[in-house]
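Participant: I have a structure I would like to understand better, so I am pasting it below and will then ask my questions one at a time.
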Amino acid sequence: MINGSIAKILVVDDHPKYLADVLPTFGYDVAVASDGLQALQILSDKDHGVNLIILDVMMPNLDGFETLKIIRTKPELESVPVIMLTAVDTEQKQIFGLKFGADDYIVKPFSLPNLLARIEAVLRRVNIAKKADTQSISQKVNVELNADKPIVPLSQREIDILKCAALGNNNEVIAQKLCVKSATVKTHMTRIFKKLNVKSRTQAILVAMQMNIIQ
């Protein structure tokens with residue numbers, strides 16, 4: 001929460017006036033960047049306070065996809081959710097956005113209620129993830145690591161799935177984000193349980209956090 005606002009949103013768009021004007025009326029604090037380069041400059045400040053990024057795809061200097069890829073390479077920004085905006089409604093574009101680390105995807109022109117609902121949903125998932133830190137989970141879940149069964153290292157795909165699960169996503173959402181089938185996610189989850197010697201998703205997340213497999 002920023003100065004009493006619900007959250008601070010960085011709007012990255014070469015035509016940001018509409019969102020910059022309307023979002024504050026719903027309680028959001030808004031910062032504006034006209035392209036990806038300006039956005040990265042704002043985000044380079046360790047005190048940027050941004051809780052959510054709304055990122056347009058088509059922009060001068062540095063487009064949305066390239067900006068998103070750079071954001072997701074920075075550890076200090078990897079947990080900041082990103083909603084992408086595009087005027088092109090193609091499955092390939094949406095897959096690109098999700099593959100590069102977008103949390104949601106909205107096609108222009110969009111309705112304001114739809115955008116607000118997406119913002120609320122993404123922020124809610126992030127807040128749930130923050131509350132589910134190691135200490136709070138430890139108070140609710142008793143995880144006993146079996147010393148006779150060494151933990152087997154997870155594959156990168158399994159780590160990606162567990163990271164998505166830690167954000168409160170179900171198998172269907174994880175499958176969409178990673179561009180795989182829901183059944184594939186379920187299979188990976190079963191393998192994760194076996195490798196970490198746990199019996200539930202919550203226990204798997206806890207163990208992975210304790211071992212710094214995920215943050």
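Participant: With I161, I174, I214 as the choices, which residue is in a loop (DSSP other than H, G, I, E, B) and under 20 Å from S79 (Cα atoms)?
Facilitator: I214
Participant: Open to solvent by less than 30 Å² (accessible area, probe 1.4 Å) and over 27 Å from S111 (Cβ atoms), is that true of L37?
Facilitator: Against the criterion (open to solvent by less than 30 Å² (accessible area, probe 1.4 Å) and over 27 Å from S111 (Cβ atoms)), L37 does not qualify.
Participant: Another one. Given (1) over 24 Å from K177 (Cα atoms); (2) touching a helix residue (DSSP H, G or I) at 6+ places or on another chain (Cβ under 8 Å), identify the lone condition not met by V80.
Facilitator: (1)
Participant: Kindly list, by first and then second residue, each pair from a residue in the stretch 5-17 that is under 11 Å from I54 (Cβ atoms) to a residue that is open to solvent by 10 Å² or more (accessible area, probe 1.4 Å) and among the hydroxyl-bearing types (S, T, Y), limited to pairs with Cβ atoms under 6 Å and residues at least 6 apart or on different chains.
Facilitator: Pairs found: I9/Y28.
Participant: Looking only at residues that are at pLDDT 90 or above and part of a helix (DSSP H, G or I) in the stretch 70-97, which one is nearest to L43 (Cα to Cα)?
Facilitator: Ranking the qualifying residues of the stretch 70-97, first place goes to I71.
Participant: Tell me which residues, restricted to the stretch 40-68, are buried (at least 17 other Cβ atoms within 10 Å of the Cβ) and acidic (D, E).
Facilitator: D56 - this is the single residue of the stretch 40-68 that is buried (at least 17 other Cβ atoms within 10 Å of the Cβ) and acidic (D, E).
Participant: Any idea which of A102, A129, A165, A147 is surrounded by 15 or more Cβ atoms within 10 Å (Cβ to Cβ), at pLDDT below 80 and hydrophobic (A, V, I, L, M, F, W, C)?
Facilitator: A129
Participant: Further question on the same structure: Evaluate the stretch 188-197: report whether one residue or more is open to solvent by 20 Å² or more (accessible area, probe 1.4 Å), among the basic types (K, R) and either closer than 23 Å to V122 by Cα or not in a helix (DSSP H, G or I) (or both).
Facilitator: Checked against the condition, which is being open to solvent by 20 Å² or more (accessible area, probe 1.4 Å), among the basic types (K, R) and either closer than 23 Å to V122 by Cα or not in a helix (DSSP H, G or I) (or both), the stretch 188-197 yields no hits at all.
Participant: With respect to P24, is the statement that it is assigned to a loop (DSSP other than H, G, I, E, B) and either among the aliphatic types (A, V, I, L, M) or exposed (fewer than 15 other Cβ atoms within 10 Å of the Cβ) (or both) true?
Facilitator: no
The values are calculated or read from the model by the stated rules, or taken from the named source; none is laboratory data. Just so it is clear, the structure is predicted and the values come from calculations on it, not from any experiment. Note that we place each Cβ from the backbone using ideal geometry, even for glycine, and neighbour counts take in every protein chain shown. Heads up: the accessible areas ignore ligands, DNA and RNA and are worked out on the full protein's heavy atoms, side chains in. Shrake-Rupley method; radii C 1.70, N 1.55, O 1.52, S 1.80 Å.
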